[in-house]
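Below is one structure, written out as structure tokens, with a few remarks after it.
The values are calculated or read from the model by the stated rules, or taken from the named source; none is laboratory data. The structure displayed is predicted, hence computed values, not measured ones. FYI the Cβ positions are ideal-geometry reconstructions off the backbone, even for glycines, and counts take in every protein chain you see. Just the protein is used for accessible areas: all its heavy atoms, side chains included, with ligands, DNA and RNA removed. Shrake-Rupley method; radii C 1.70, N 1.55, O 1.52, S 1.80 Å.
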Amino acid sequence: MAEEYDLIILGGGTGGYVAAIRASQLGLKTAIVEKSKLGGTCLHKGCIPSKALLRSAEVFKMAKNSEEFGVNTGDITLNFTKVQERKQEIIHTLYSGVKGLMKKGKIDVYEGIGRILGPSIFSPMPGTVSVEMNDGTDNQMLIPKNVIIATGSRPRPLPGLTFDGDVILSSDDALELESVPSSILIVGGGVIGIEWASMLVDFGAKVTVLEYGGRIVPTEDEEVSREMERLLKKRGVDIVTKARVLAETMEKRDGSVTIQAETAEGVKTYAAEKMLVSVGRQANVEGIGLENTEIEVEKGHILVNEFYQTKESHIYAVGDVIGGLQLAHVASHEGLTAVHHIAGGEADPIDYTTVPKCIYSSPEAASVGLTEQEAKEQGYKVKIGKFSFRAIGKALVYGESDGFVKIVADKQTDDLLGVHMIGPHVTDMISEAGLARVLDAAAWEVGHTIHPHPTLSEAVGEAALAVDGKAIHS
Ligand code: NAD
């Protein structure tokens, strides 16, 4: 029998399940169709597990350096099985939480593969969803007034470097490692590559990053990229930029992999026990029935308007499947905007220049708004304020005083255009800059805000004052 809904959401990741909760709060009869597990990539194969491993790596490093703090600990060893168990426990706790939220919101969850059907006996418009149930029971037919597609993305392989789950790893595979490899080649020095490089070097692996572009984390401000490169190299990570890997030269033999790459110093051969390929993610647009609709896909992503409507105005799409900033918090806010639009309420389009971006390596990096280069390219006359953590008492107390906060402001209006940070706990501190962007703050207003002493956040206040040459401690 067919079941009717106000809203069916395809995909129960961060984009999908957050949208479902808001829809239920607004009184919409809502269901999620999820082929794997509620929580999606972020909870099971992305943000949460990788951050759990990064935290263990950080604690391991800190324990090894504890004598600096006057704490003698004796022999430090790594129990990687326990590291993985801890990661699983965190996932399990959060997964139970998400399932509980679905129950609380009276959101029906169908475990299976959902496909959008074209016009049929159930509806004159495309949008009826057929669910092939995981438990092998009969297909379910769901008739919604609206649909949100939130099917996410998956690691993108490089031609010739097919993931095998053993030697050539995707980030999904790397999360399941049973031991720390003695050495690893990381192809792609973006967010994923750098988080893994930082984690694995702290766990004791020999790490080489082969990045095609001229700098690692190329979407960050150039000064942040350079500082990240400097600090990772100082910790022993070998970083090769302008490296073009020659996939056809890859060889797997006796538990190791070799590959050649064209570099500034000519063609070189690299060898390691494992290889992680982290060159981006591709949207999950296949097998969900898009061919039964007018929905347009361009460069592998579903095309939407500012309210996330596809060409079929009652079918929306949010999160990684539409491209743009592939971040969990972006997906959830896109989902909320789509639901508000469906419910006929206030739905403000998202201003993507207010979205914080975070890298959870050691050191961390975080940013919001325009880089200095982007601001200049957009015709702004900019003024820059920069403040080092070296002059921040709390950073010295922590024993982590590398890095800085950099503020890009409009010379004419003093408006904050971008804030870029690298250093201790900056992924938590970036929210202040996000709020400042949302409130359209001027640099002087951030500088005028009283930052408690001693805290790391003083670096933000000082950088804002530095925009007009008024920083106190520099
Ligand atoms: P990315 O786009 O961030 O970086 C890919 C990197 O690979 C780039 O530096 C690119 O120049 C390089 N590259 C591309 N082709 C290459 C080649 N042939 N050889 C060598 N280098 C090559 O992609 P990612 O790191 O895979 O991450 C995927 C997505 O997931 C991103 O959108 C990212 O923001 C998101 N993500 C975010 C977080 C976070 O917020 N902390 C964590 C993980 C992933």
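Just to check I understand the Karplus step: with θ = phi - 60° and J = 6.51 cos²θ - 1.76 cosθ + 1.60, what whole-Hz values come out for the range 102-109, glycine and proline as x?
Rounded to whole hertz, the list is 5, 4, 4, x, 6, 9, 6, 10.
Note down the Stokes-Einstein diffusion coefficient of the range 87-213 in µm²/s, whole number, using a Kirkwood radius over alpha carbon pairs, 4 °C, and 1.567 mPa s.
The calculation lands on 69 µm²/s.
In degrees from 0 to 90, rounded to the nearest 10, what is the angle of the helix 14-25 Cα long axis to the longest principal axis of the chain?
Value to nearest ten degrees: 60.
Going by average Cβ density within 10 Å per residue, which order do the peptides 260-267, 451-458 take, highest to lowest?
Listed from highest to lowest mean packing, they are 451-458, 260-267.
So how much accessible area does Asp468 have, in Å² to the nearest 10, using a 1.4 Å probe?
For Asp468, the solvent-accessible surface is approximately 70 Å².
How much of the pair distance distribution for the chain lies past 39 Å, counting alpha-carbon pairs only, in percent?
29
Quick one: of Lys37/Lys87; Lys206/Lys268; Lys51/Lys376, which pairs are farther than 23 Å apart, Cα to Cα?
Where the Cα-Cα span goes over 23 Å, the pairs concerned are Lys51/Lys376.
How big is the gap, in Å, between the Cα center of the range 212-227 and the Cα center of the range 337-378?
For the range 212-227 versus the range 337-378, the Cα centre distance is 19 Å.
Which whole-Hz couplings ³J(HN,Hα) result when phi for each residue of the range 248-264 is put into the Karplus expression 6.51 cos²θ - 1.76 cosθ + 1.60, θ = phi - 60°, listed in order with x for Gly and Pro?
In residue order, the calculated couplings are 5, 8, 5, 9, 10, 8, 6, x, 8, 10, 10, 7, 9, 9, 7, 10, 4 Hz.
What Rg and what Dmax come out for the range 354-466 when only alpha-carbon atoms are used, in angstroms?
Rg then Dmax for the range 354-466, in Å: 13.0, 41.
Averaged per residue, what accessible area in Å² does the chain show with a 1.4 Å probe, protein chains only?
Accessible area per residue, the chain: 46 Å².
Starting from the residue with the highest accessible area, list Trp444, Trp196 in decreasing order, probe 1.4 Å.
Descending accessible area places them as Trp444, Trp196.
Can you sort Glu372, Glu377 by 1.4 Å-probe accessible area, starting with the largest?
Glu377, Glu372
Per-residue counts of other Cβ atoms within 10 Å, averaged by peptide: what ranking do you get for 118-125, 424-431, highest first?
The packing order, highest mean first, is 424-431, 118-125.
When a/c is below 1.5 the answer is rounded, else prolate if a/b is larger than b/c, else oblate, so apply that to the range 157-279 with a ≥ b ≥ c taken from the square roots of the Cα gyration tensor eigenvalues.
Oblate, since a/c reaches 1.5 and b/c is not below a/b.
Can you give the net charge of the other residues whose Cβ lies under 12 Å from the Cβ of Thr30, counting K and R as +1 and D and E as -1?
Every neighbour counted, the sum reads 0.
If amide hydrogens are placed 1.01 Å from N in the peptide plane, which non-local residues have theirs closer than 5 Å to the one on Ser153?
Amide H neighbours of Ser153, under 5 Å, 5+ apart: Asn284.
Can you tell me the Rg and the Dmax, both Å, for the Cα atoms in the range 271-391?
Spelled out, the Cα radius of gyration and Dmax of the range 271-391 are 18.7, 60 Å.
Percent of accessible area on the range 157-279 owned by carbon and sulfur, 1.4 Å probe?
Here it works out to 49 percent.
Ignoring ligands, DNA and RNA, what percent of the accessible area of the range 354-466 is carbon or sulfur (1.4 Å)?
It is 54 percent, rounded to a whole number.
With each run of n ≥ 4 DSSP H residues scored as -39500 (n - 2.57), what mean residue ellipticity at 222 nm is computed for the chain after dividing by its residue count and rounding to the nearest 500 deg cm²/dmol?
Counting only the DSSP helices, I get -9000 deg cm²/dmol.
Any idea what the relative contact order of the chain is, in percent, if you count C-alpha pairs under 8 Å spaced at least 6 apart?
Reported relative contact order: 14 percent.
Please give the helix 191-202 orientation as an angle from the longest Cα principal axis of the chain, in degrees from 0 to 90, rounded to the nearest 10.
Long axis of 191-202 versus the principal axis of the chain: about 50 degrees.
With all protein chains present and a 1.4 Å probe, how do Asp414, Asp173 order by accessible area, largest first?
In descending accessible area the options line up as Asp173, Asp414.
Tabulate in residue order the Karplus-calculated ³J(HN,Hα) for the range 39-51, using 6.51 cos²θ - 1.76 cosθ + 1.60 with θ = phi - 60°, rounded to whole Hz; enter x for Gly and Pro.
Once θ is set to phi - 60°, the couplings for the range 39-51 become x, x, 4, 4, 7, 9, 9, x, 3, 6, x, 5, 6 Hz.
Can you return the aspartates and glutamates within cross-link range of Lys411? Criterion is Cα-Cα under 17 Å, with same-chain partners fewer than 8 residues away left out.
Answer for Lys411, where 17 Å is the Cα cut-off: Glu372, Glu374, Glu377, Asp440, Glu445, Asp468, listed by chain and number.
In degrees from 0 to 90, rounded to the nearest 10, what is the angle of the helix 328-342 Cα long axis to the longest principal axis of the chain?
30
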